[in-house]
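Some notes on the structure that comes next.
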Amino acid sequence: MSAGRPLPVEDTHCIQNPAVDQRSCVHLSATPESAVSPYACQRRTTLENHNKIFTEALEVLALNSEFSGNQGSCLGFRRAASVLKSLPAALRSPEEALRLPCLGDNSRAVLEEICECGSSSRVEEIQNDQRYRTMKLFCSVFGVGPKTAESWFCRGLKTFEQVLTEPSIRLNRMQTAGFLFYEDISVPVSRAEAAALKMMMEEALLFINPSATVTITGGFRRGKEFGHDVDFIIKAPEGQEDRILPAVIKRFKSQNVLLYSDFQKSTFDLRQLPNHRFEAMDRFSKCFLLVKLQMQESRTGRNWRAVRVDLVAPPLERFPYALLGWTGSTLFERDLRRFARLERGKLLDNHTLYDKTTKTFLPANTEEDIFQHLGLEYIEPWQRNA
Ligand code: UTP
Ligand code: MN
């Protein structure tokens with residue numbers, strides 16, 4: 001305060017715990033915990049996670065809360081895991097967590113136990129719990145969410161076979177495809193496979209509209225080596241966005257590479273902006289696909305595997321907002337919107353950025369423009385793995 005500006009944090013500013021086992025830990029000297037922001041969009045989170053032992057445990061707790069319909073506690077555990085993922089080194093002691101944001105009593109209790117015993121009894125208990133295991137199994141099927149999984153579990157079903165032979169269960173189209181190609185879909189998609197799919201997309205666009213371009217979004221844009229699907233955003237020439245996806249679907253069908261498609265027409269309407277109520281899905285033209293990817297040889301003896309592919313085609317002037325939204329991670333996006341609203345009085349979603357004070361829309365040509373409007377340092381996609 002006397003310097004009148006923020007100073008670099010030195011060791012003397014940190015509370016040291018003499019009881020800490022120095023062998024198993026790395027010092028957090030460069031970026032002390034006290035400097036960690038409670039907003040994921042103000043943290044740089046790469047894929048290098050020094051706190052896996054803690055974050056994996058917290059994610060089990062988060063999933064368990066989600067399965068129990070406890071959204072608040074789920075978010076609490078996810079936030080805690082996210083903060084730990086952003087640290088430049090492993091946590092040395094549970095006491096250090098006291099100086100970190102977003103780590104509530106429940107999360108800290110787990111860290112404490114892991115620091116002391118190497119594992120958490122609560123997490124082990126959950127992992128052995130029949131309900132948790134069954135819910136996780138059912139939710140691993142494309143088209144099955146926690147609600148459906150729970151209703152199956154409550155009817156006493158525990159295996160896929162029991163679900164598939166239960167006469168009263170009517171699977172929808174998505175779930176039918178999910179079971180049919182379960183073996184393929186449950187194998188993570190590699191970066192090389194994502195690149196091969198991008199070439200398929202480029203080939204299709206060349207045929208449909210050579211001025212349209214395709215960009216990988218989602219986890220692969222953040223540098224992940226594997227994903228559960230491949231996300232693409234299409235940049236179409238002005239006014240062409242609504243024609244592209246039906247044409248891609250038609251093209252893939254004619255090439256006999258489409259196993260499943262769910263096309264969602266655009267419901268985007270400029271006059272309905274800004275949207276004050278957050279919606280999980282945006283209104284752009286999009287589709288959720290199951291695509292045959294040609295391979296040399298596969299485990300199944302076929303020369304292809306099924307891959308989940310998501311496509312979105314926003315209007316040209318909406319592209320930067322949509323790209324930012326589809327790049328994720330989910331928690332990063334959530335905190336961007338929360339930061340915009342609570343710290344800047346602005347509304348951000350996949351469609352637009354709106355200033356509530358001046359009642360104006362803030363234009364953007366790039367993702368950098370959006371960060372700038374929000375007064376945030378630019379965070380590269382590979383630093384958004386919150
Ligand atoms: P994913 O679920 O594909 O996540 O959504 P991911 O980070 O790529 O993870 P893996 O690697 O596939 O497992 C990608 C992003 O797209 C956004 C999500 O919020 C997420 O950030 N998204 C998805 C939207 O913005 N709108 C949608 O309608 C769907
Ligand atoms: Mn993805």
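The values are calculated or read from the model by the stated rules, or taken from the named source; none is laboratory data. Quantities reported herein were computed from a predicted structural model and do not represent experimental measurements. A quick note on method: Cβ atoms are made from the backbone with ideal geometry, for glycine too, and the neighbour counts reach across all protein chains shown.
Descriptive notes on the structure:
- Of all the numbered requirements in (1) of a type in the set (Lys, Arg); (2) surrounded by 21 or more Cβ atoms within 10 Å (Cβ to Cβ); (3) within 28 Å of Glu225 (Cα to Cα), Lys346 misses one, and that requirement is (3).
- Annotation note: Cβ proximity below 7 Å between a residue of the range 190-215 that is closer than 14 Å to Ala313 by Cα and a residue that is modelled with pLDDT under 95 (sequence gap 6+ or interchain) occurs for no pair.
So that you can scan it fast, the table gives a plain yes or no per residue for (1) more than 22 Å from Arg251 (Cβ to Cβ); (2) among the polar types (S, T, N, Q); (3) within 16 Å of ligand 2 (Cβ to nearest atom):
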site	(1), (2), (3)
Val187	yes, no, yes
Ala195	no, no, yes
Met199	no, no, no
Gly223	yes, no, yes
Gly227	yes, no, yes
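- In the range 330-354, the residues that are of a type outside the set (A, V, I, L, M, F, W, C) and in contact with a helix residue (DSSP H, G or I) (Cβ under 8 Å, 6 or more places away or on another chain): Glu333, Arg334, Asp335, Lys346, Asp349, Asn350, His351, Thr352
- Among (1) of a type in the set (Gly, Ala, Ser); (2) within 15 Å of ligand 1 (Cβ to nearest atom); (3) more than 23 Å from Leu323 (Cβ to Cβ), the one test that Ala194 misses: (3)
- Scan the range 284-301 for residues that are surrounded by fewer than 20 Cβ atoms within 10 Å (Cβ to Cβ) and over 17 Å from Leu258 (Cβ atoms) and the total you get is 6.
- Some residue of the range 313-322 being in contact with a Cys (Cβ under 7 Å, 6 or more places away or on another chain) and under 30 Å from Pro101 (Cβ atoms): no
- Unmet criterion (only one of (1) closer than 30 Å to Arg243 by Cα; (2) part of a helix (DSSP H, G or I)) for Gln372: (1)
- Positions within the range 285-300 being closer than 26 Å to Ile249 by Cα and either more than 16 Å from ligand 2 (Cβ to nearest atom) or of a type in the set (Lys, Arg) (or both), in sequence order: Ser285, Lys286, Lys292, Gln294, Met295, Gln296, Glu297, Ser298, Thr300
- Scanning the range 226-247 for residues that are within 15 Å of Val307 (Cβ to Cβ) and in contact (Cβ under 8 Å) with a residue 40 or more places away in the chain, we see that the one that is farthest from ligand 1 (Cβ to nearest atom) is Phe232.
- Qualifying strands (runs of 3 or more DSSP E) (wholly inside the range 256-368; at least 1 residues being farther than 24 Å from Leu75 by Cα): 258-264, 285-294, 304-313, 353-355
- Top-ranked residue in the range 301-315 [being touching a residue at least 60 places away in the same chain (Cβ under 8 Å) and away from ligand 2 (no atom under 16 Å from the Cβ); ranked as farthest from Thr176 (Cα to Cα)]: Pro315
- Residue match in the range 208-215 (condition: among the small types (Gly, Ala, Ser), over 30 Å from Glu380 (Cβ atoms) and at pLDDT 95 or above): no
- Within the range 184-243, the residues that satisfy the criterion of being more than 21 Å from Gln294 (Cα to Cα), among the β-branched types (Val, Ile, Thr) and touching an Asp or Glu at 6+ places or on another chain (Cβ under 9 Å) are Thr213, Thr217, Ile234.
- Filter result for the condition that a residue is surrounded by fewer than 16 Cβ atoms within 10 Å (Cβ to Cβ), acidic (Asp, Glu) and assigned to a helix (DSSP H, G or I), over Glu113, Glu124, Glu150, Glu95: Glu124
- Picking from residues in the range 302-317 that are more than 21 Å from Leu258 (Cβ to Cβ) and more than 12 Å from ligand 1 (Cβ to nearest atom), the one that is surrounded by the most Cβ atoms within 10 Å (Cβ to Cβ) is Pro315.
- Conditions (1) within 25 Å of Arg173 (Cβ to Cβ); (2) away from ligand 2 (no atom under 16 Å from the Cβ); (3) surrounded by fewer than 18 Cβ atoms within 10 Å (Cβ to Cβ): number failed by Leu258: (3)
- Residue list for the range 61-84, restricted to those being touching a residue at least 60 places away in the same chain (Cβ under 8 Å) and more than 16 Å from the chain's Cα centre (by Cα): Leu61, Asn64, Phe67, Gly69
- Of all residues in the range 322-334, those that are more than 7 Å from ligand 1 (Cβ to nearest atom) have Cβ atoms under 7 Å from Cβ atoms of residues that are of a type in the set (Asp, Glu) and part of a helix (DSSP H, G or I), 6 or more apart or on another chain, in Leu323/Glu367; Leu324/Glu367.
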